[in-house]
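One structure is given here, and the rest of the page talks about it.
The values are calculated or read from the model by the stated rules, or taken from the named source; none is laboratory data. Being a predicted model, the structure only gives us computed values, none of them experimental. Cβ: placed from backbone, ideal geometry, glycine included. Neighbour counts: every protein chain shown.
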Amino acid sequence: IITPVPVPTAFDGTEQCMLMTFHDLTPLRRVEEMRADFVANASHELRTPLAALSGFIDTLQGPARDDAKARERFLGIMQTQARRMARLIDDLLSLSRVELSAHVRPDALVDIVPLIRQVIEGLEPLAKERQVAIETELTVETAVIAGDREELLRLFENLIENALKYGASGGRVCVSLAQAASGDGVLEYRFMVRDFGPGIAPEHLPRLTERFYRVDVGDSRSQGGTGLGLSLVKHIVNRHRGRLLIESVLNKGATFTACFPPGKP
Ligand code: ADP
């Protein structure tokens, strides 16, 4: 905001004017705070598995040195923690890559039908482990959008994997793809993942796509989660000119819908 403030005429008769400039620093401060929070969160999340690894190394070098059974068990836990760190670093790198290229629209024409099928196939072992049936309803034979193949694979994988992890074990998960008209009548592709698990309380819904936001940290950790998945999904959807809708009724399940405009050849 620039406000010219007139001041009285000087002694020698010349007109004088003083300019006062005010800058609203609130948005900049907010970005700085978010960045600092992000670094603190990332460091904390990396430190946790690192501390566990370091502790187990000490134990293996000391008290458990000659205990073959304990050694076997501890090495298993160390492997899990190392994988957790690797996943976290992977997710952090993917997120920063997507954020850095947020202003560049991916323009390759990609048919998402085979991508969705490929992701479902890759997640069958997890579905089996969780005793969940994946019901697929792809009502279009092809669905070509302007996109980035790897990012779209990541998006489909994150949403279906979440439904398998957080939906009811022993239940079912519905994955669908359809073409429908958006609010303003424009045709779009709607990819939908629905589960019938515990769902998400309304107060958590607006914050779900924030980096590191988790409804239940313990549950997310035990499922191998990093709290970055939905943030990544949101960024990928935005980069593809899409929309992400999250709906849930507590104890009835959750529905995640990603809508994309069709690609123009
Ligand atoms: P995470 O790596 O922890 O899975 P996400 O960003 O993918 O992180 O998800 C954030 C949180 O949202 C999860 O920790 C979980 O608490 C909640 N969540 C995600 N999907 C579902 C779902 N289908 N049902 C219930 N809760 C969910």
Handout entry: Residue list for segment 194-210, filter: more than 15 Å from the chain's Cα centre (by Cα) and either closer than 30 Å to Asp111 by Cα or within 10 Å of the ligand (Cβ to nearest atom) (or both)
Key = Arg194, Asp195, Phe196, Gly197, Pro198, Gly199, Ile200, Ala201
Handout entry: Hits in segment 187-225 - residues which are at pLDDT 90 or above, out of contact with any Ser or Thr (no Cβ under 8 Å at 6 or more places or on another chain) and closer than 23 Å to Ala36 by Cβ
Key = Pro206, Arg207, Leu208
Fill in the blank from the handout: Counting only residues that are more than 9 Å from the ligand (Cβ to nearest atom) and assigned to a strand (DSSP E or B), segment 157-193 contains a total of 15
Exercise for the section: Evaluate the following for Ile120: is it in a loop (DSSP other than H, G, I, E, B) and either of a type in the set (Val, Ile, Thr) or surrounded by 21 or more Cβ atoms within 10 Å (Cβ to Cβ) (or both)? Expected result: no
Handout entry: Matching residues, segment 121-156, being out of contact with any Pro (no Cβ under 8 Å at 6 or more places or on another chain), within 16 Å of the ligand (Cβ to nearest atom) and under 18 Å from Leu232 (Cα atoms)
Key = Leu153, Arg154, Leu155, Phe156
Exercise for the section: Determine if segment 237-253 includes at least one residue that is surrounded by 16 or more Cβ atoms within 10 Å (Cβ to Cβ), more than 12 Å from the ligand (Cβ to nearest atom) and part of a helix (DSSP H, G or I). Expected result: yes
Fill in the blank from the handout: How many residues of segment 30-72 are under 32 Å from the mean Cα position of the chain (by Cα), over 24 Å from Gly227 (Cα atoms) and not hydrophobic (A, V, I, L, M, F, W, C)? The answer is 1
Exercise for the section: Determine whether segment 207-216 contains at least one residue that is surrounded by fewer than 19 Cβ atoms within 10 Å (Cβ to Cβ) and among the polar types (S, T, N, Q). Expected result: yes
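Conditions (1) surrounded by 19 or more Cβ atoms within 10 Å (Cβ to Cβ); (2) free of Cβ contacts under 8 Å to residues at least 24 places away in the same chain, marked per residue:
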residue: Ser101; (1), (2): no, no
residue: Arg105; (1), (2): no, no
residue: Val113; (1), (2): no, no
residue: Glu135; (1), (2): no, no
residue: Thr139; (1), (2): no, no
residue: Ala143; (1), (2): yes, no
residue: Glu150; (1), (2): no, yes
residue: Ala168; (1), (2): no, no
residue: Val193; (1), (2): yes, no
Problem - Among residues of segment 211-236, those that are more than 8 Å from the ligand (Cβ to nearest atom), of a type in the set (Ser, Thr, Tyr) and not in a helix (DSSP H, G or I), counted - result: 0
